[in-house]
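S.K.: I'd like to ask you about the structure that follows.
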Amino acid sequence: MSNKKAIIVGASSGIGLEVAKRLLSDGWNLGIAARREEPLQALKATAPERIEIMTIDVTKSDAEERLLSLIDQLGGMDLYFHASGIGKQNRTLEPDIELSTMETNAVGFTRMIGTAYRYFAKKGEGHIAAITSIAGTKGLGPAPAYSATKALQATYLQALEQQAHQSRLNIRFTDIRPGFVDTALLSGTFKYPMLMKPEAVARDIVSSIISKRHIRVIDARYRVLTFFWRLIPNWIWRRMKL
């Protein structure tokens, strides 16, 4: 993998940071991006000759231009990995939480994935991987915008995969669907069940990318959970307390 180049958006913390470390140890050259520059600089200091950085806010109109600039700095891109996202419980449906989640997870996601797709279509090949979530399996009352945007992300990737196939473009897709991961995204007083360590999740993600999986639910417990979630009729689901 010594000649491979990956761009990671959302690399400043959590899963994105752990995947960046994993790819780096596997010999990849990286372009890393996030809103905060300091964590990016800290990672770059570990391998300055193999890492390029760029501050990117996926909700801003210049995000596409900045991503393409980072690709140029790196000298190309073979893998685009999207780890940028936000999510909160919002049982009182506060508008700021819902709208900011939509801006990042829906509009920002579409902007960045679309940029990567167009780049790979022009290049002739590439691999797009993104973290969606098991939260997109069903509409979750405690987190309406989050579960809705995660469903959007999974459907968008599926649609682009079909489009690429029909257009005979050699673009591969990997939809990563973790359960609860012990990162800052889940910080707070609520105790989440079956928490997974980001390091273990990153190992699974990199393995799934290398093996070119289309969809990967992490881990086995969540594969069982989502299987049964899909079987629950809506008239029962709407009455369930989450």
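The values are calculated or read from the model by the stated rules, or taken from the named source; none is laboratory data. Quick caveat, the model's predicted, so the values are computed rather than measured. Counting neighbours? That spans all protein chains shown, and the Cβs are built from the backbone with ideal geometry, glycine included. Note: accessible area is taken over every heavy atom of the protein model, side chains too, but ligands, DNA and RNA are not part of it. Shrake-Rupley method; radii C 1.70, N 1.55, O 1.52, S 1.80 Å.
S.K.: Are there any pairs with C-beta distances below 8 angstrom linking a residue in segment 23-48 that is modelled with pLDDT of 95 or more and acidic (Asp, Glu) to a residue that is in a strand (DSSP E or B) and open to solvent by less than 70 Å² (accessible area, probe 1.4 Å), with the two at least 6 apart or on different chains, and if so which?
M.R.: Glu37/Ile53; Glu37/Thr55
Residue-wise test of (1) at pLDDT below 95; (2) not β-branched (Val, Ile, Thr).
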site	(1), (2)
Leu195	yes, yes
Ala200	yes, yes
Arg203	yes, yes
Ile209	no, no
Arg213	no, yes
Asp219	yes, yes
Val224	yes, no
Phe228	yes, yes
Met240	yes, yes
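S.K.: Look through Asp57, Asp62 and report the one residue that is open to solvent by 20 Å² or more (accessible area, probe 1.4 Å), without any contact (Cβ under 8 Å) to a residue 12 or more places away in the chain and within 26 Å of Val107 (Cβ to Cβ).
M.R.: Among Asp57, Asp62, only Asp62 is open to solvent by 20 Å² or more (accessible area, probe 1.4 Å), without any contact (Cβ under 8 Å) to a residue 12 or more places away in the chain and within 26 Å of Val107 (Cβ to Cβ).
S.K.: Looking at this structure, is Ala20 within 23 Å of Ser211 (Cβ to Cβ) and either polar (S, T, N, Q) or touching a Leu at 6+ places or on another chain (Cβ under 8 Å) (or both)? Spell out the reasoning first.
M.R.: On the way: within 23 Å of Ser211 (Cβ to Cβ): yes; either polar (S, T, N, Q) or touching a Leu at 6+ places or on another chain (Cβ under 8 Å) (or both): yes.
Yes, satisfied.
S.K.: Here is a follow-up. Name the single residue that is farthest from Gln153 (Cα to Cα) among those in segment 88-98 being of a type outside the set (Lys, Arg) and surrounded by 11 or more Cβ atoms within 10 Å (Cβ to Cβ).
M.R.: Among residues in segment 88-98 that are of a type outside the set (Lys, Arg) and surrounded by 11 or more Cβ atoms within 10 Å (Cβ to Cβ), the one farthest from Gln153 (Cα to Cα) is Glu94.
S.K.: Name the one entry in Phe109, Phe120, Phe81 that is within 30 Å of His214 (Cβ to Cβ), open to solvent by less than 30 Å² (accessible area, probe 1.4 Å) and either out of contact with any helix residue (DSSP H, G or I) (no Cβ under 8 Å at 6 or more places or on another chain) or in a loop (DSSP other than H, G, I, E, B) (or both).
M.R.: Phe120
S.K.: Inspect segment 132-142 for any residue being modelled with pLDDT of 95 or more and either acidic (Asp, Glu) or open to solvent by 10 Å² or more (accessible area, probe 1.4 Å) (or both) and give the result as yes or no.
M.R.: The answer is no; no qualifying residue exists.
S.K.: Next up: Run down Arg177, Arg172 and say which single residue is open to solvent by less than 70 Å² (accessible area, probe 1.4 Å), in a strand (DSSP E or B), modelled with pLDDT of 80 or more and on the phi < 0 side of the Ramachandran plot.
M.R.: Numbers: Arg172 fails: open to solvent by less than 70 Å² (accessible area, probe 1.4 Å).
Just a single option satisfies the conditions, and that option is Arg177.
S.K.: Just one of Ile71, Ile7, Ile51 is open to solvent by less than 70 Å² (accessible area, probe 1.4 Å) and either modelled with pLDDT under 95 or under 25 Å from Lys150 (Cα atoms) (or both); which is it?
M.R.: Step by step, each of Ile71, Ile7, Ile51 is checked, and only Ile7 is open to solvent by less than 70 Å² (accessible area, probe 1.4 Å) and either modelled with pLDDT under 95 or under 25 Å from Lys150 (Cα atoms) (or both).
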